[in-house]
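*Asks:* Have a look at the structure that comes next, please.
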Amino acid sequence: MQKPAVPSPAPTYTIGELAREFDLTTRAIRFYEEAGLLCPQRQGRARIYTQRDRTRLKLTQRGKRLGLSLAEIKELVTMYESPRDTVPQLKRYLEVLGAHRADIESRMADLRATLEEIRAYEAEARALLKKQQRTTTGSGLAK
């Protein structure tokens with residue numbers, strides 16, 4: 001007769017392990033903790049992070065890459081952990097993403113307009129330079 005399997009303890013992580021895995025500084029991880037995104041357990045002075053903290057950190061990094069604010073990230077991460085009803089979570093996620101997409105599209109339009117202005121100024125400066133070089137070269141030949 002076999003013994004019942006003893007469940008293995010849930011994985012835990014040190015702040016250094018998470019910092020290396022996510023290419024962050026320990027200071028950044030402590031900042032996320034202060035912001036309420038992570039809630040490590042304590043063993044004396046040491047922080048012990050759970051799989052939940054690791055997932056929250058992963059979602060935080062994803063939100064940062066999307067350009068979300070910490071408040072938006074915290075809201076979405078908290079919703080991620082909510083009960084099984086994901087409809088409000090998905091609707092809010094779509095709202096946040098839509099607002100960020102619109103903001104980025106607007107900034108891109110501004111950048112395109114600025115690039116066009118720069119191209120026009122460059123063309124004008126090149127034309128003036130060419131004219132100056134012809135004038136300078138032309139006057140040098142007349143002497």
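The values are calculated or read from the model by the stated rules, or taken from the named source; none is laboratory data. All values derive from a computational prediction rather than experimental measurement. So basically every Cβ, Gly included, is an ideal-geometry build from the backbone, and we count neighbours across all protein chains shown.
*Asks:* Among all residue pairs at least 6 apart or on different chains, which show Cβ distances below 6 Å where the first residue, located in segment 82-98, is modelled with pLDDT of 85 or more and the second is not β-branched (Val, Ile, Thr)?
*Replies:* So the pair list comes out as Val96/Glu72.
*Asks:* A further question on this structure: Which residue is modelled with the lowest pLDDT, if the candidates are limited to segment 5-45 and must be surrounded by fewer than 11 Cβ atoms within 10 Å (Cβ to Cβ) and of a type in the set (Gly, Ala, Ser)?
*Replies:* Checking each candidate, the answer is Ala5.
*Asks:* Out of segment 48-79, which residues are touching a Lys or Arg at 6+ places or on another chain (Cβ under 8 Å) and farther than 16 Å from Glu21 by Cα? Talk me through it step by step, then tell me what you get.
*Replies:* So in segment 48-79, the residues touching a Lys or Arg at 6+ places or on another chain (Cβ under 8 Å) come out as 48, 73, 75-77, 79.
Matches in segment 48-79: Ile73, Glu75, Leu76, Val77, Met79.
*Asks:* For segment 46-70, which residues satisfy the criterion of being of a type in the set (Ser, Thr, Tyr), surrounded by fewer than 20 Cβ atoms within 10 Å (Cβ to Cβ) and touching a helix residue (DSSP H, G or I) at 6+ places or on another chain (Cβ under 6 Å)?
*Replies:* None - no residue of segment 46-70 is of a type in the set (Ser, Thr, Tyr), surrounded by fewer than 20 Cβ atoms within 10 Å (Cβ to Cβ) and touching a helix residue (DSSP H, G or I) at 6+ places or on another chain (Cβ under 6 Å), so the list stays empty.
*Asks:* Looking at segment 113-121, can you tell me whether even one residue there is surrounded by 12 or more Cβ atoms within 10 Å (Cβ to Cβ) and either of a type in the set (Lys, Arg) or within 20 Å of the chain's Cα centre (by Cα) (or both)? Let's see the steps before the verdict.
*Replies:* Going through segment 113-121, the residues surrounded by 12 or more Cβ atoms within 10 Å (Cβ to Cβ) turn out to be none.
The answer is no; no qualifying residue exists.
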